[in-house]
Each structure stands twice: as structure tokens, then as C-alpha cells.
Amino acid sequence: MSNVQYSDEASIVSIHRTGCIITFEVQISTAGTYTIGVWDDGEQIGSPTVSGEADSTVTTTYTMGADIGTRAWGYDFVLETADESTVQVITWDFEGSDRVMTQCAVDSVAVGSAGGDASGGGAPVTAPSGPTRELARTGSAAGITAFAAIVLVGSGVSLRLARRRV
């Protein structure tokens, strides 16, 4: 996760993901309304808002509606004032970003069968401090991996057919 703070008016102090729900905790130093622009692959896909008095901490949520795009890992969050001045920019990567919708479906089934709440269940997931090997591969890396898997499967089938003929 990278974090660049441009002013001290407000700050996103924590981000948690539970299923498809992302919860932001925002520390407000200057009273007002702030918007968190949610960006994926250069396109703004959401904009939850928070309002509060000076020296308050408030929360808001964003419901993820699709798997993370393939051009870059994770989301970018841009905290802005009401007059659209940038306060903070966070790049947030997390493991399994290419499988969010599958994870949400699994979380919904688990919550429904366990009698939990409807928010997606499970413990909050805090963003890792940087990309890990387990992060979803996207773009050309994913294409190369898929091609290699197809070649290996094809080779295995050809070898079995050759053994049967002998």
C-alpha cells in the first residue's frame, strides 16, 4: 500500500475489506464533507462521502461490484475536499483482487448458512503493505501463465495418446 498525504484536513486511517464491503475510517481535522474517489484502472467507479466535525473519526463503506481490472493491481483511493482539492491518495493492493466476486459469493453462502450478518461476514482484511507473490496476476503476466498451462495440459494429453498407441 502506498500513501501520499497532501494536506492535514483529513486522513484515511484504516481500510478493511469484508467480502465485497470496503470500510474506510477517516480522521477529520477540518470540519466538512469529503469524498473518497474509488479508482480502478484509471476509471472512477465509486465515490463514498464522509462528513464530520473537527477532530472526529467517521466511517463509510463502498460495495465492490466487480473483480479488480486487469491493467493494475488493486484500487486507488483519492480523498478530496468538497471543492475537489486532493487531500490524500492511497494505492491499495490485496491478495485475490481478480476473484472478488467469487469471494463475495462464497462469503454470502458462508454467512447465510452460519447465521451471520448480511455485511459479508468474516474478519476484516487489512491491506498489505505492498504487493505479494499471491496477488493476482493481470495483464500480460496472466496471459503467459494461461498459455503455459494450456501447453502443459496439451503435452500431457499427447503423451497419453502416444503411450496408448504403443
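Nothing in this text is a laboratory measurement; each read-out follows from the coordinates by a stated rule. Just so it is clear, the model here is predicted, and its values are computed rather than measured. Glycine gets a Cβ as well: all are built from the backbone with ideal geometry, and neighbour counts include every protein chain shown.
Some notes on this structure:
- What the phi angles of segment 31-38 give under the Karplus curve with 6.51, -1.76 and 1.60, with θ = phi - 60°, is a coupling list of 3, x, 10, 10, 10, 10, x, 9 Hz, glycine and proline written as x.
- Extension reserve of the ASP55-MET101 stretch, reckoned as 0.36 nm per residue once the Cα distance is removed: 12.9 nm
- Note, ³J(HN,Hα) from phi for segment 61-76, Karplus 6.51, -1.76, 1.60, rounded to Hz, x at Gly and Pro: 10, 9, 9, 5, x, 7, 4, 5, x, 9, 7, 8, 6, x, 10, 10
- Across segment 39-52, coupling constants 3J(HN,Hα) worked out from phi with the 6.51/-1.76/1.60 Karplus curve, θ = phi - 60°, read 10, 9, 6, x, 10, 6, 10, x, 7, x, 10, 9, 9, x Hz, and Gly and Pro carry x.
- Computed from label points 7 Å out along Cα-Cβ, the spacing between GLN5 and ASP41 is 3.3 nm.
- Prolate/oblate/rounded label for segment 1-109 (Cα gyration tensor, a/c 1.5): prolate
- Segments 58-68, 19-29 sorted - mean Cβ within 10 Å per residue, highest first: 19-29, 58-68
- When each of the peptides 35-41, 5-11, 49-55 is scored by the mean number of other C-beta atoms lying within 10 Å of its residues, the order from highest to lowest reads 35-41, 5-11, 49-55.
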